[in-house]
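**Q** Take this structure, written in structure tokens, and hold onto it; I'll ask about it next.
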Amino acid sequence: MMRVAWPPRGSLQRRLALALTGGVMALWLLATVAAGLLLRREIDEVFDSALQEVVQRVLPLAYTEILAREADAGSDPQRIASVGAHREYITYIVRDAAGRRLLQSHDADLAQFPPNPAHGFSDGPSSRLYTEIAVSGTIVVTAAERPGHRQKAVRDAIRLLAWPLVLLLPLGIAGTWVLVAVTLRPVVAFRHEIEARGSGHLAPVSVSHLPSEIAPVAEAVNALMARVRRALDAERSFTANSAHELRTPVAAALAQAQRLRAELPEGAARARTVEIESALKRLARLSEKLLQLARAEGASLIGEAPEDLVPALRLVLDDLAAEVAVTLPRAGRFVSTLNLDAFAILARNLIENALKHGDASQPVRVALTDDGRFSVVSAGPVLEPAILAAMTQRFVRGTTMAEGAGLGLSIVQAIAQGVGAEIAFVSPATGQAGGLEVVVRLPATTLKAG
């Protein structure tokens, strides 16, 4: 099957502007060439008619000259004096049957006139000629056009038609560019709406102002997003329901295992009970992370009113009861429309991840600045770019031996994407030789300094 090689992707606006302007230029050039050919034919007819007219006007004068010369056969040929200084474009010469010159125009160049011209139009070495033979061959009148005169007239006319292209080319490109930009404005708005869609925003795009050629594409996109939205809703609902339903039986089993461990004497049975308790704790942590992930992906992450995030951060730090160096905004508060629970989940997962996987000999540094930059820095070795790129993948854990579900940074990324925030992983950390720095910058639209 033959494959079609498509041109590289580029701006539709640029393609249309260049294509339309190029088409206009090509049509203009074709029209100029056609006009030049037509003009050349018309000029030939006009100039040939002028040659013929000059000869016919000179014939009576030539006949009178012959009659006047019959008394003096040896006189020199008469040259018609010029009335004023001017350049003759058509010259003529009158000869008798023997070829003697009887009469000529004042600017006639004898080199242009052949000795024995034929009757009618002919082409000389460098000029166009017309000859009339009258009075039984006794008078021969030949008119010649100045060399290159009609060619120059055609060239000047074509140049006059073609020179506007120099001005029309930039104006045509600019005008077409603006016209295409205005025409494609609904398509550009449609593109921006598509770019704004994501896992947290799958609302249908507007099709009311789209041209008829693009509207079916928008309807197909809306149908696709509806299917994706139903699939994501089903997945989140299953995750949340499963995690929620697991919490109670896991907690009950954990309590029974702890009670059984307390009742059993030291030995193999008690050791197995400890293993069961550890497995149930891991399952409980996994259930909690799955609930947080479902909350981050499905629930609204923007609060109804702006609130101070600093108390939520303090609660998270108190609950973790770990050695953490904290830097807070200068005013001691940071007001944002970000939901407090969502921010607490984000902060807890980042700090827990730093405490579990960082160097325990150095404190974790947490900073919340006035411009919405929330960062968590943990000490440790420099991480490879491939490891940094895989950090937000679900159930992916590094080479550390610390316990974890592999969902913490996935939850952080889901919350950041849900509020339109940016998340970055930097290793080595800023100002350090190693370590990891995770930065979440909240968007300005969700912030209110205060």
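The values are calculated or read from the model by the stated rules, or taken from the named source; none is laboratory data. All values derive from a computational prediction rather than experimental measurement. A quick note on method: Cβ atoms are made from the backbone with ideal geometry, for glycine too, and the neighbour counts reach across all protein chains shown. Surface areas here come from the heavy atoms of the whole protein model, side chains and all, with no ligands, DNA or RNA. Shrake-Rupley method; radii C 1.70, N 1.55, O 1.52, S 1.80 Å.
**Q** Being modelled with pLDDT of 85 or more, assigned to a loop (DSSP other than H, G, I, E, B) and in contact with a helix residue (DSSP H, G or I) (Cβ under 9 Å, 6 or more places away or on another chain) is the requirement here; does Gly406 meet it?
**A** So Gly406 fails the test.
**Q** Out of the residues in segment 30-61 that are aliphatic (A, V, I, L, M) and within 20 Å of Leu102 (Cβ to Cβ), which is farthest from the chain's Cα centre (by Cα)? Break it down stepwise before answering.
**A** Taking segment 30-61 and keeping what is aliphatic (A, V, I, L, M), we get 30-31, 33-35, 37-39, 43, 46, 50-51, 54-55, 58-59, 61.
Adding the requirement that they be within 20 Å of Leu102 (Cβ to Cβ) leaves 51, 54-55, 58-59, 61.
Working: Leu51: 62, Val54: 66, Val55: 68, Val58: 72, Leu59: 74, Leu61: 77 Å.
Among residues in segment 30-61 that are aliphatic (A, V, I, L, M) and within 20 Å of Leu102 (Cβ to Cβ), the one farthest from the chain's Cα centre (by Cα) is Leu61.
**Q** Ok, one more. Condition (residue is modelled with pLDDT under 80 and within 16 Å of Ile139 (Cα to Cα)) applied to segment 78-92: is it met by at least one residue?
**A** Yes - at least one qualifying residue is present in segment 78-92.
**Q** Residues that are within 25 Å of Gly420 (Cβ to Cβ) and either modelled with pLDDT under 85 or hydroxyl-bearing (Ser, Thr, Tyr) (or both): list the strands (runs of 3 or more DSSP E) wholly contained in segment 296-386 that include at least 1 such residues.
**A** Where strands (runs of 3 or more DSSP E) fall fully within segment 296-386 and carry at least 1 residues being within 25 Å of Gly420 (Cβ to Cβ) and either modelled with pLDDT under 85 or hydroxyl-bearing (Ser, Thr, Tyr) (or both), they are 302-308, 324-327, 335-338, 373-378.
**Q** Which condition does Ala231 not pass, out of (1) at pLDDT 75 or above; (2) open to solvent by 50 Å² or more (accessible area, probe 1.4 Å); (3) over 20 Å from the mean Cα position of the chain (by Cα); (4) among the small types (Gly, Ala, Ser), if it passes all the others?
**A** Condition not satisfied by Ala231: (1).
**Q** Looking at Leu61, Leu18, which is the one that is touching a helix residue (DSSP H, G or I) at 6+ places or on another chain (Cβ under 8 Å) and either among the small types (Gly, Ala, Ser) or at pLDDT below 80 (or both)?
**A** Leu18 is the lone residue from the list that is touching a helix residue (DSSP H, G or I) at 6+ places or on another chain (Cβ under 8 Å) and either among the small types (Gly, Ala, Ser) or at pLDDT below 80 (or both).
**Q** Let me ask you something else. I'd like the full set of residues that are open to solvent by 80 Å² or more (accessible area, probe 1.4 Å) and touching a Phe, Trp or Tyr at 6+ places or on another chain (Cβ under 8 Å), limited to segment 94-139.
**A** Scanning segment 94-139 gives a single hit, Phe121.
**Q** Return a yes/no flag: does segment 261-275 have any residue that is modelled with pLDDT of 75 or more, open to solvent by 50 Å² or more (accessible area, probe 1.4 Å), more than 51 Å from the chain's Cα centre (by Cα) and within 30 Å of Ala344 (Cβ to Cβ).
**A** No: segment 261-275 contains no residue that is modelled with pLDDT of 75 or more, open to solvent by 50 Å² or more (accessible area, probe 1.4 Å), more than 51 Å from the chain's Cα centre (by Cα) and within 30 Å of Ala344 (Cβ to Cβ).
**Q** Quick test of your reading of the structure: Leu210 fulfils all but one of (1) of a type in the set (A, V, I, L, M, F, W, C); (2) surrounded by 13 or more Cβ atoms within 10 Å (Cβ to Cβ); (3) within 30 Å of Met25 (Cβ to Cβ). Name the failing condition by number.
**A** Exception for Leu210: condition (3).
**Q** Could we say that Leu20 is within 30 Å of Ala153 (Cβ to Cβ) and assigned to a helix (DSSP H, G or I) here?
**A** Considered against the rule, which asks whether it is within 30 Å of Ala153 (Cβ to Cβ) and assigned to a helix (DSSP H, G or I), Leu20 comes out as no.
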